[in-house]
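Heads up, the thing below is written out as structure tokens.
The values are calculated or read from the model by the stated rules, or taken from the named source; none is laboratory data. This structure is a prediction, so every number in the text was calculated from the model and none was measured. Using ideal geometry, Cβ is built from the backbone for each residue, glycine included, and neighbour counts are taken over all protein chains shown. Keep in mind that these areas ignore ligands, DNA and RNA; they rest on the heavy atoms of the full protein, side chains included. Shrake-Rupley method; radii C 1.70, N 1.55, O 1.52, S 1.80 Å.
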Amino acid sequence: MEKGRLEAFSDGVIAIIITIMVLELKVPAGARATDLSSLLPLLPVFTSYILSFIYIGIYWNNHHHTMQAVESVNGTILWANMHLLFWLSLVPFVTAWMGENNFARWPVTCYGIVLLMNAVAYGLLMLALIRHHGKDSVLAKAVGKDWKGNISILIYVIAIALSWVNSTISFVMYIVVACIWFIPDKRIERKLVGEEPPCESKV
């Protein structure tokens, strides 16, 4: 099957997810709504929004790059992609819950669980794609052992456990993972360029 509909559907869902998140940023109301001080209570919500926006952007960016190395999809890949989108769709909920409750223990824990499941779901999608295209495919060679993905999952697990001790430390660890992935991953781009035939010189 062609990959076009999967890409288009995924892009649409991710766009909706971002829209839902920004709608959680409520405009201040009351007598002092025009003062900058009225924005201070929104700071935790805005901080949560920024981090989640970065995470969604990272997933969209990596999904886009991955699809460039994909030639076709099958039923397993479609369901693996839907599994990823399901966990991504929960990001707005846990983002709002965490921000509106000043990074309390349970919201931070659940935020980490959703991030962990997103990472697992993306890993399953990659496995389905590599199985479909073969171990010698461009995608398989680009992904390799996926140390960044494995380290991210480990940090999530530790952060979830630490959220019962200090939720602030857990939130900082979520930021660390975002920083790891915020640095552009050139593996797929390098492999795609390497697979392209050299340009013929013009006379």
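Tabulated results
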read-out	value
Extreme residue, positive dipole direction of the chain, given options 156, 77, 65 (C-beta unit charges)	156
Net dipole in debye of segment 1-95 [+1 Lys, Arg Cβ; -1 Asp, Glu Cβ; about Cα centre; nearest 20]	220
Counted charge near residue 17, where neighbours are those whose Cβ lies closer than 15 Å (Asp, Glu -1; Lys, Arg +1)	-2
Karplus 3J(HN,Hα) series, Hz, for segment 70-80 with 6.51 cos²θ - 1.76 cosθ + 1.60 (x for Gly, Pro)	9, 9, 7, 10, 10, x, 4, 5, 4, 6, 5
Per-selection Kirkwood Rh - segment 1-89 (Cα, Å, 1 d.p.)	15.2
Virtual spin-label span in nm between residue 101 and residue 29, 7 Å along Cα→Cβ	2.3
Spacing of the two label points (7 Å from each Cα toward its C-beta) at residue 130 and residue 179, in nm	2.8
For segment 85-145 and segment 1-70, distance of Cα centres in Å	15
Most to least accessible of 114, 138 (protein chains only, probe 1.4 Å)	138, 114
Residues residue 38 and residue 86, FRET efficiency given R0 of 45 Å [Cβ-Cβ distance, rounded to 0.05]	0.80
Total charge dipole magnitude, the chain, about the Cα centre, Cβ charges on Lys, Arg, Asp, Glu only, Debye to nearest 20	340
Gain in span if fully extended, residue 165 to residue 16, counting 0.36 nm per residue against the direct Cα distance	50.2 nm
With at most 15 other Cβ atoms within 10 Å, longest stretch of the chain clear of loop GluC sites (Glu not before Pro) (DSSP)	72-199
Potential lengthening between residue 47 and residue 76 on full extension [0.36 nm per residue; Cα-Cα distance subtracted]	6.8 nm
Computed over the chain: relative contact order in percent, which uses C-alpha pairs under 8 Å that are six or more apart	24
Filtered trypsin sites (Lys or Arg not before Pro), segment 1-59: DSSP coil and at most 12 other beta carbons within 10 Å	26, 32
Choice from 104, 15, 29 with maximal GNM fluctuation in the chain (Cα, 10 Å cutoff)	29
³J(HN,Hα) computed for each position of segment 150-160 - Karplus, 6.51 cos²θ - 1.76 cosθ + 1.60, integer Hz, glycine/proline x	5, 5, 4, 4, 4, 5, 4, 4, 5, 5, 4
Percent of C-alpha pairs per 5 Å bin, the chain, short to long	1, 7, 14, 17, 17, 14, 10, 8, 5, 3, 2, 1, 1, 0, 0
